[in-house]
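The values are calculated or read from the model by the stated rules, or taken from the named source; none is laboratory data. Treat the numbers as computed from the prediction; the structure is a model and nothing was measured. Positions of Cβ are backbone-derived with ideal geometry, glycine not excepted, and every protein chain shown enters the neighbour counts. Just the protein is used for accessible areas: all its heavy atoms, side chains included, with ligands, DNA and RNA removed. Shrake-Rupley method; radii C 1.70, N 1.55, O 1.52, S 1.80 Å.
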Amino acid sequence: MLKDLQPKINTLLSDSTASTEERMQAICDFLKESVTHYDWVGFYFKNGDKEELKLGPYAGAPTDHIIIPFGKGICGQVAVSNQNFVVPDVKAQDNYIACSITVKAEIVVPLFVNGENIGQIDIDSNTADPFTEKDEELLEYINAEIAKIL
């Protein structure tokens, strides 16, 4: 199922008439519309030389978390660890930053350009424990493709 999304993802990312930001926004919108357990989809990027992440394109409810310090929350931890982080139950995480009371699970996958972690894709789900290896594979694929246009 998730692998079936790759052709459309490739089409969205190869649209040379759209800016990089517009293509990433299209990916967020497409994922939120196409995957029932993706309730919020967004990108965070390293904010210049600062030890913090800054919100980029996203689809879903507005968030107050525009800036996230490295090490804080799931996104901030991924900025430091350079590893995927799948959280089946956000209530069980001590270092979780609540974006919405409806969020039950989260997955964050780092985005590398030339071996450097420059950002991440972040998915919130209102469904408990919905993420599988297939989600990780899809998000890793998307980030690898986005790295090519950055």
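Taking the criterion of being at pLDDT 95 or above, touching a Lys or Arg at 6+ places or on another chain (Cβ under 8 Å) and over 25 Å from GLY115 (Cβ atoms), would at least one residue in the stretch 45-64 satisfy it? Yes, there is a match, as at least one residue in the stretch 45-64 is at pLDDT 95 or above, touching a Lys or Arg at 6+ places or on another chain (Cβ under 8 Å) and over 25 Å from GLY115 (Cβ atoms). When only residues in the stretch 101-119 that are of a type outside the set (Phe, Trp, Tyr) and open to solvent by 50 Å² or more (accessible area, probe 1.4 Å) count, which is modelled with the lowest pLDDT? Taking the candidates together, the pick is ILE101.
Do you know which residues across the stretch 19-39 are open to solvent by 20 Å² or more (accessible area, probe 1.4 Å) and either of a type in the set (A, V, I, L, M, F, W, C) or over 18 Å from SER125 (Cα atoms) (or both)? Within the stretch 19-39, SER19, THR20, GLU21, GLU22, ARG23, GLN25, ALA26, PHE30 qualify. What are the residues in the stretch 127-140 that are open to solvent by less than 70 Å² (accessible area, probe 1.4 Å), in contact (Cβ under 8 Å) with a residue 60 or more places away in the chain and more than 12 Å from VAL87 (Cα to Cα), if any? ASP135, LEU138, listed by residue number.
What number of residues within the stretch 1-39 are in a loop (DSSP other than H, G, I, E, B) and either touching a Cys at 6+ places or on another chain (Cβ under 9 Å) or not acidic (Asp, Glu) (or both)? Walk me through it before giving the result.
Here is the first cut: in the stretch 1-39, the residues in a loop (DSSP other than H, G, I, E, B) are 1, 14-19, 35-39.
If we keep only those that are either touching a Cys at 6+ places or on another chain (Cβ under 9 Å) or not acidic (Asp, Glu) (or both) too, we end up with 1, 14, 16-19, 35-38.
Total satisfying the criteria: 10.
Does ALA61 fit the bill of being under 26 Å from THR132 (Cβ atoms) and among the small types (Gly, Ala, Ser)? Answer is yes for this residue. Could you list, in sequence order, the residues of the stretch 50-67 that are crowded, with 17+ Cβ neighbours inside 10 Å and among the β-branched types (Val, Ile, Thr)? The answer is none; no residue qualifies.
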